[in-house]
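One structure is given here, and the rest of the page talks about it.
The values are calculated or read from the model by the stated rules, or taken from the named source; none is laboratory data. Because the structure is a prediction, the values reported are computed rather than measured. For neighbour counting, all protein chains shown are included, and Cβ atoms are generated from backbone atoms with ideal geometry for every residue, glycine included. Surface accessibility is based on the protein's heavy atoms, side chains included, excluding ligands, DNA and RNA. Shrake-Rupley method; radii C 1.70, N 1.55, O 1.52, S 1.80 Å.
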Amino acid sequence: MDSLLALDYPEEKLSLILVNDGSTDGTAAVMDRYAGHERITIIHKENGGKHTAINAVLGPLRLI
């Protein structure tokens, strides 16, 4: 995330959506370090597979 946020790219054109699909390896804790960042949306959900993670992202994208 740090590398993506440091890109030489207009800030208003870059936002990140992170989805934790029920990981048990510490992923949630790493993602939560970015909680509150104005350009990052974090979604934690129960494990459901790739298709449910993609569907979880589509909801916030419809608002843009």
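Put simply, the amide H of I17, placed in the peptide plane, has neighbours under 5 Å in T41, leaving out anything fewer than 5 places away on its chain.
Given +1 on the Cβ of Lys and Arg, -1 on the Cβ of Asp and Glu, and no further charges, what dipole in debye does the chain carry about its Cα centre, rounded to the nearest 20?
Values: 6 positive and 9 negative charges, 52 e Å.
Dipole magnitude for the chain comes out near 240 debye.
Would you mind working out the accessible area per residue for the chain, using a 1.4 Å probe, and quoting it in Å²? Walk me through the numbers before you get to the answer.
Working: 4750 Å² over 64 residues.
Each residue of the chain exposes 74 Å² on average to a 1.4 Å probe.
Quickly estimate the mean residue ellipticity at 222 nm for the chain, helices only: each DSSP H run with n ≥ 4 gives -39500 (n - 2.57), and the total goes over all residues, rounded to 500. Display every interim value, and only then the final one.
Working: 3 runs with 23 residues, N = 64.
Helices in the chain give a 222 nm mean residue ellipticity of -9500 deg cm²/dmol.
Farthest toward the positive end of the dipole of region 1-52, out of I40, L5, H51, is the Cα of H51, where the dipole comes from beta carbon charges about the Cα centre. How far, in degrees from 0 to 90, does helix 50-62 lean away from the longest principal axis of the Cα atoms of the chain, to the nearest 10? The angle comes out at about 40 degrees. Net length available on complete extension from I17 to T41 is 8.2 nm, with 0.36 nm assigned per residue and the Cα-Cα distance removed.
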